[in-house]
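The values are calculated or read from the model by the stated rules, or taken from the named source; none is laboratory data. Remember, it's a predicted structure, so these values are computed and weren't measured experimentally. As a convention, Cβ positions derive from the backbone with ideal geometry for all residues, glycine included, and neighbour counts pool all protein chains shown.
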Amino acid sequence: MMNQDGQFGQYGGSYIPEILFNSQQELLKAYQDAMADPAFIAEVKDQLQHYSGRPTPLTHCSRLSAAIGGAQIYLKREDLNHSGAHKMNNVIGQGLLAKRMGKRRVIAETGAGQHGIASALVSARLGLDCTIYMGAHDIERQYPNVFWMKQLGATVVPVKEGSATLKDALDEALRDWSSNYADTYYLIGTSCGCTPYPEMVSGFQSVIGEEVKEQAINQFGTLPDKIYACVGGGSNACGIFLPFLNEDVELVGVEAGGRSDAPGDHAMRFNTDQARFGIAQGFATKFLQDEQGQLQPTHSISAGLDYVGVSPILADLEEQGKVRMTQARDTEVMQAFQQLASNEGIIAALESSHAIAAGLREAAEMDPSQKIVINVSGRGDKDIFNIAKALQDEPFNDFIQSYLTQENS
């Protein structure tokens, strides 16, 4: 898929400051050397199994399938990874690469905080200093994750510029890398950025789809008819989609439809006329832009899906017709979250609940003999405050107020 210039069709590439060129070339060579080294691959697999807990199961949702009345619904349980999300797959690989390169310090950006948690965990395990850049708005929405990052020894830097979300955190991380590239490894959390990050992140995440292939054959004797994944930057979607590109399986990405189609009310890069080709943050892809080319503000009920761009890999695959993109509104996401929790006892992240929403919507129109797989990219513990707010759960709000009153008395 990727050409020698690190591009996927017209997307991808390396559009970076000259000061980062040598560092980017160092990373590219180190990555290529590592992936050709059986000992490195074995070490990654060992850590995935014995530290993160892979393989994650493929869970049949019999009660939810019956309630929907259509296709049989299966969930790929990335929420059962150590740290509670798919992020660990990529962070283990990049953390070991940083160690191999002799870097003493890791920097990362995070939106929902799951990549920040995973980066802090692996840095602690490997003895690396860790700095996490996170939008101030996302810190407010995801403070439990921030708390744990700090307990793991990471420095969390609030980014107050711009919309104070993932886009701005990524900008700050790039600035840090530009100033400290000699001893610092930039651990990108999604399949975006300059070469080789899109290929590298997607490659480490492809363990998801490889496991689904084997598990589907073992559990129901065939490959699924459709696979769904939420799409922010795109790492969990690439991870489950890429191993199926040459199979007769429909691949469906689900964007954050937000509140409405109005600018600033969503984070859709495909299901909108507000996104176009652009170059920013080191690579080319589809970005939400105004008529002057300025990046637009975004919104999602989930902190991890409000990125203004998307993986160049997914942009290219959608353009080729190999991946179909749809969306889910905030209200539909909350309904899907509740349906899964009440029918199957699984608490999904709000990011993953976008994929669940679209999967349930389309499963209802399918035959009961058909099978769909939905990637549950993370668990919803981190979203408790946002979920309680969205559900207007007054007892929870009363509990928080009472707890704070007691602590301050």
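Scanning the stretch 309-326 for residues that are farther than 20 Å from Tyr197 by Cβ, in a loop (DSSP other than H, G, I, E, B) and either touching a Phe, Trp or Tyr at 6+ places or on another chain (Cβ under 6 Å) or not basic (Lys, Arg) (or both) yields a total of 1.
Note on the stretch 238-271: residues that are closer than 17 Å to Leu314 by Cα, modelled with pLDDT of 95 or more and under 21 Å from the mean Cα position of the chain (by Cα) total 19. Condition first: assigned to a loop (DSSP other than H, G, I, E, B) and either within 22 Å of Glu351 (Cβ to Cβ) or in contact with a Leu (Cβ under 6 Å, 6 or more places away or on another chain) (or both). Can you find one or more residues in the stretch 173-180 that meet it? Taking every residue of the stretch 173-180 in turn, none turns out to be assigned to a loop (DSSP other than H, G, I, E, B) and either within 22 Å of Glu351 (Cβ to Cβ) or in contact with a Leu (Cβ under 6 Å, 6 or more places away or on another chain) (or both).
Using the structure shown, decide if Thr195 is at pLDDT below 95 and over 25 Å from Gln72 (Cα atoms). In short, no. When residues in the stretch 150-173 are screened for being within 22 Å of Ala280 (Cβ to Cβ), of a type in the set (Gly, Ala, Ser) and surrounded by 18 or more Cβ atoms within 10 Å (Cβ to Cβ), 4 of them pass. If you filter the stretch 371-409 down to residues that are in contact (Cβ under 8 Å) with a residue 12 or more places away in the chain and of a type in the set (Gly, Ala, Ser), you find that the one that is nearest to Ile346 (Cα to Cα) is Gly380.
Of the residues that make up the stretch 75-98, is at least one among the small types (Gly, Ala, Ser), over 21 Å from the mean Cα position of the chain (by Cα) and within 24 Å of Leu350 (Cβ to Cβ)? Checking the stretch 75-98: not a single residue is among the small types (Gly, Ala, Ser), over 21 Å from the mean Cα position of the chain (by Cα) and within 24 Å of Leu350 (Cβ to Cβ). Only one of the listed residues (Ile41, Ile92) is surrounded by fewer than 18 Cβ atoms within 10 Å (Cβ to Cβ), under 24 Å from Ala237 (Cβ atoms) and not assigned by TED's automatic domain parsing to the domain that holds Thr285. That residue is Ile41.
Within the stretch 287-312, the set of residues being surrounded by fewer than 24 Cβ atoms within 10 Å (Cβ to Cβ) and not hydrophobic (A, V, I, L, M, F, W, C) comprises Gln289, Asp290, Glu291, Gln292, Gly293, Gln294, Gln296, Pro297, His299. Among the residues of the stretch 52-62, the ones that are surrounded by 14 or more Cβ atoms within 10 Å (Cβ to Cβ) and over 20 Å from the mean Cα position of the chain (by Cα) come to 3 in all. Checking Gly203, Gly239 one by one, the residue that is in a helix (DSSP H, G or I) and either more than 23 Å from Gln327 (Cα to Cα) or out of contact with any His (no Cβ under 9 Å at 6 or more places or on another chain) (or both) is Gly203 and no other.
Among the conditions (1) farther than 26 Å from Leu27 by Cα; (2) β-branched (Val, Ile, Thr); (3) in contact with a His (Cβ under 9 Å, 6 or more places away or on another chain), the only one that Thr59 does not satisfy is (3).
Just a yes or no: is a residue in the stretch 383-403 surrounded by 21 or more Cβ atoms within 10 Å (Cβ to Cβ) and in a strand (DSSP E or B)? No - not one qualifying residue is present in the stretch 383-403.
With respect to the conditions (1) polar (S, T, N, Q); (2) outside any strand (DSSP E or B); (3) closer than 25 Å to Arg269 by Cβ; (4) in contact (Cβ under 8 Å) with a residue 60 or more places away in the chain, Gln339 lacks only one, and its number is (3).
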